[in-house]
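Chemist: Let me give you the structure first, and then I'll get to my questions.
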Amino acid sequence: MNHFDYVNGQLQAEQVPVAEIAAQVGTPFYCYSTATLVRHYTVFTQALAEAGLDAQVCFALKANPNVAVVRTFAQLGAGADVVSEGELRRALAAGVPVDRIVFSGVGKTEAELTFAVAKGIMQINVESEPELEALSKIAAARGIRMPIALRVNPDVDAGTHAKITTGKKENKFGIEWTRAHEVYNKARALPGIEVVGIACHIGSQLTDVEPFRQAFLRVRDLVAMLRADGFDIRRLDLGGGLGIPYESEEPPHPAVYAKAIKDTLGDLGCKIVLEPGRLLVGNAGILVSRVVYVKEGATRTFLIADAAMNDLMRPALYEAHHTIEPVIEPAKDAPRLPVDVVGPVCETGDTFAKQRSLPPIKAGDLIVFRTAGAYGAAMSSTYNTRPLVPEVLVKDDSFAVVRARPSFDDMLALDSVPDWL
Ligand code: LLP
């Protein structure tokens, strides 16, 4: 469910015609719908509440770190899951209270840990023994014990794309399942550490609830073991990962996911922390682009868009599918012809869709890539010296540019030439 629909033959974001935004902002740009963000957050939190869970949702900023987007969630009560000092600063700038921020990631530097400890965030999810020792030193030097969870790797196959699966023992994430107890014992002996829970995240874009259930059962076993050993385990951070429909996927509804948590972990009296990213923002964003040329190749037709792989890299990186639609609603009986939709970047990987069946689209027409709110702008770059793609947030009948397109002067000003040149 989202709020991008054709109204009187024109695609609108809530009550704003997408073409109107394009006329003012230029293309390409990302466009987010507040109503869709709010709806996704509400559906998710309601499902958790209806399952009777005491849960804190910490939005995974990596999916969409725009401060306006994060503030939208913060105002609804969301916390934040951050993986860098930059994301932590964004969460703070967005007004997320420090006691709702968790810090994840395999390679937190000393500077990042120091910043997080100084801010007094809710919890750090520690992913290795060297990190545990580094953190203990930093916290102890300030005379405090930092609340932590160890991120354990439950060795469960999430059944998702190889590049975004994280919970198998050959992945770099977390502490190997079988060693977890030993590392917990080590943690409790360190002066700057307070063990409060267990963290676990097995992958992203899961379309089946079963791998979650398996991972949660392993977490349950670990809670029992640790409690028997005197640990006060009171928080379980179950990560993110619930998938969304891009094409024909049918991921479990949040209610089914909440029930899996309830069934496996609901009786342990723990606070449940969740780190959804994609689920909250994916369908709430579109990438809007203008077709520059239609080129008849030797064997196929190319729609050459002004958006490229640097603006939305998911198709190039994961062969991800994004539905493509024209902004002017096509006639119901319009013919559909196979075309390749590509960007202007100088590599063949800059292809959004191959042989996609689309209605007639001509040069100058606006098109949109749907379901681009998660890991779209977040992963954009300036490859080919293309300005970072701007972002627009719509609410009802208004819109605001929430990240401006940098000028070429802004971009060039970042480089400097040494004296010897
Ligand atoms: N928590 C942790 C520790 C994570 O590593 C991730 C995602 C999340 C939460 C949020 O997962 P989500 O709910 O969004 O599935 N760039 C890829 C996705 C990478 C996900 C990385 N970790 C893509 O475009 O599909």
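Chemist: Answer with yes or no whether ALA307 is closer than 23 Å to TYR6 by Cα and either open to solvent by less than 50 Å² (accessible area, probe 1.4 Å) or within 16 Å of the ligand (Cβ to nearest atom) (or both). Spell out the reasoning first.
Modeler: Numbers: closer than 23 Å to TYR6 by Cα: yes; either open to solvent by less than 50 Å² (accessible area, probe 1.4 Å) or within 16 Å of the ligand (Cβ to nearest atom) (or both): yes.
So ALA307 passes the test.
Chemist: Among the numbered conditions (1) more than 21 Å from the chain's Cα centre (by Cα); (2) surrounded by 18 or more Cβ atoms within 10 Å (Cβ to Cβ); (3) free of Cβ contacts under 8 Å to residues at least 60 places away in the same chain, tell me where VAL327 comes up short.
Modeler: (3)
Chemist: Same structure, new question: Just checking, which of ARG218, ARG179, ARG213 is in a helix (DSSP H, G or I) and either surrounded by fewer than 16 Cβ atoms within 10 Å (Cβ to Cβ) or within 14 Å of the ligand (Cβ to nearest atom) (or both)? Show your work before the answer.
Modeler: Values: ARG218 fails: either surrounded by fewer than 16 Cβ atoms within 10 Å (Cβ to Cβ) or within 14 Å of the ligand (Cβ to nearest atom) (or both); ARG213 fails: either surrounded by fewer than 16 Cβ atoms within 10 Å (Cβ to Cβ) or within 14 Å of the ligand (Cβ to nearest atom) (or both).
After applying the criteria, what remains is ARG179.
Chemist: If I ask for residues that are under 29 Å from ARG213 (Cβ atoms) and open to solvent by less than 30 Å² (accessible area, probe 1.4 Å), which ones from region 110-146 would you list?
Modeler: Scanning region 110-146 gives MET122, GLN123, ILE124, ASN125, VAL126, GLU127, GLU131, LEU132.
Chemist: What's the total number of residues in region 382-393 that are open to solvent by 50 Å² or more (accessible area, probe 1.4 Å) and within 16 Å of the ligand (Cβ to nearest atom)?
Modeler: The number of residues fulfilling the criteria is 0.
Chemist: How many of the residues making up region 394-421 are farther than 17 Å from PHE29 by Cα and surrounded by 14 or more Cβ atoms within 10 Å (Cβ to Cβ)?
Modeler: Let us first name the residues in region 394-421 that are farther than 17 Å from PHE29 by Cα, namely 396-397, 409-421.
If we keep only those that are surrounded by 14 or more Cβ atoms within 10 Å (Cβ to Cβ) as well, we get 411.
Qualifying residue count for the region: 1.
Chemist: For region 27-67, which positions are closer than 17 Å to SER398 by Cβ, in contact (Cβ under 8 Å) with a residue 60 or more places away in the chain and surrounded by fewer than 19 Cβ atoms within 10 Å (Cβ to Cβ)?
Modeler: ALA35
Chemist: Please find, among GLY277, GLY282, GLY203, the residue that is near the ligand (Cβ under 10 Å from one of its atoms), under 29 Å from ARG356 (Cβ atoms) and at pLDDT below 95. Don't jump to the end; show me each part of the working.
Modeler: Values: GLY277 fails: at pLDDT below 95; GLY282 fails: at pLDDT below 95.
Just one listed residue meets the conditions, GLY203.
Chemist: Pick from ILE367, ILE361: which is away from the ligand (no atom under 16 Å from the Cβ) and open to solvent by less than 10 Å² (accessible area, probe 1.4 Å)? Reasoning before the result, please.
Modeler: On the way: ILE361 fails: open to solvent by less than 10 Å² (accessible area, probe 1.4 Å).
Going through ILE367, ILE361 in turn, the sole match is ILE367.
Chemist: Only one of VAL281, VAL273, VAL256, VAL294 is outside any loop (DSSP other than H, G, I, E, B) and in contact with a Cys (Cβ under 8 Å, 6 or more places away or on another chain); which? Explain how you work it out, then say what you get.
Modeler: On the way: VAL281 fails: in contact with a Cys (Cβ under 8 Å, 6 or more places away or on another chain); VAL256 fails: in contact with a Cys (Cβ under 8 Å, 6 or more places away or on another chain); VAL294 fails: in contact with a Cys (Cβ under 8 Å, 6 or more places away or on another chain).
After applying the criteria, what remains is VAL273.
Chemist: Still on this model: Given the structure, is LEU317 open to solvent by 40 Å² or more (accessible area, probe 1.4 Å), within 15 Å of the ligand (Cβ to nearest atom) and under 26 Å from PHE59 (Cα atoms)? First the steps, then the outcome.
Modeler: Working: open to solvent by 40 Å² or more (accessible area, probe 1.4 Å): yes; within 15 Å of the ligand (Cβ to nearest atom): yes; under 26 Å from PHE59 (Cα atoms): yes.
Yes; evaluated as a whole, the condition is true for this residue.
The values are calculated or read from the model by the stated rules, or taken from the named source; none is laboratory data. Keep in mind that what you see is a predicted model, and the values were worked out from it rather than measured. Here the Cβ is made from the backbone with ideal geometry for all residues, glycine too, and neighbour counts use every protein chain on show. Surface accessibility is based on the protein's heavy atoms, side chains included, excluding ligands, DNA and RNA. Shrake-Rupley method; radii C 1.70, N 1.55, O 1.52, S 1.80 Å.
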